[in-house]
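Asks: Have a look at this one before I ask anything.
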Amino acid sequence: MKKKVYDVATGKTEILDWTAEEIASHHIGYASIAEKNTAYKLEKIKNLRLQKLRDIPADYDSSKYDELLNRDTDGNLTHSVWSKP
């Protein structure tokens, strides 16, 4: 399957293949109610997460980048922006 993607930065439109996730989401109509609910919730979480990550440059200036990249002793990022919503 193909999709049309508009790149705001370049002003160009491309025709790309759908990812496996997009294909699965498209065919969700064939799934059970429980599978639909799970897929819906995961899609909602993904959209919230992507928006939060996109906002990092606007919400944090370069003086906060070290804080954003702090890790605990296990190597996990510790800033709340990385936690799941």
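Here, each number is a calculation from the coordinates, and none is a lab measurement. What you see is a predicted model, and the numbers here were worked out from it, not measured in a lab. Please note: Cβ atoms are built from the backbone with ideal geometry, for glycine as well, and neighbour counts cover all protein chains shown.
Asks: Can you pull the one-decimal nm distance between simple spin-label points at ARG71 and LEU48, each 7 Å off the Cα toward Cβ?
Replies: Distance between the two pseudo-spin positions: 2.7 nm.
Asks: Which order do the peptides 42-48, 3-9 come out in when sorted by mean C-beta neighbours inside 10 angstrom, highest first?
Replies: Descending packing order for the listed peptides: 42-48, 3-9.
Asks: Relative to a virtual label point 7 Å from the Cα of GLU35 in the Cα→beta-carbon direction, which members of segment 1-28 show backbone nitrogen distances below 11 Å?
Replies: Only 24-25, 27-28 pass the distance filter.
Asks: At a threshold of 8 angstrom on Cα-Cα distance, excluding pairs fewer than six apart, so keeping six or more, what relative contact order does the chain reach in percent?
Replies: 16 percent
Asks: For the chain, set up a Gaussian network in which alpha carbons nearer than 10 Å are linked by springs, and say which option among ASP17, ASP74, ASP59 fluctuates the most.
Replies: Among ASP17, ASP74, ASP59, the largest GNM mean-square fluctuation belongs to ASP74.
Asks: For the chain, taking Cα atoms only, what is the radius of gyration to one decimal and the Dmax to the nearest whole Å?
Replies: When restricted to the Cα atoms of the chain, Rg and Dmax are 17.5, 49 Å.
Asks: Now a separate question. Rounded to the nearest 20 debye, what is the charge dipole size of the chain about its Cα centre when +1 sits on each Lys and Arg Cβ and -1 on each Asp and Glu Cβ?
Replies: About 400 debye.
Asks: Moving on to the next point. Once every DSSP H run of n ≥ 4 in the chain is given -39500 (n - 2.57) and the sum is divided by its residues, what mean residue ellipticity at 222 nm do you get, rounded to the nearest 500 deg cm²/dmol?
Replies: -12500 deg cm²/dmol
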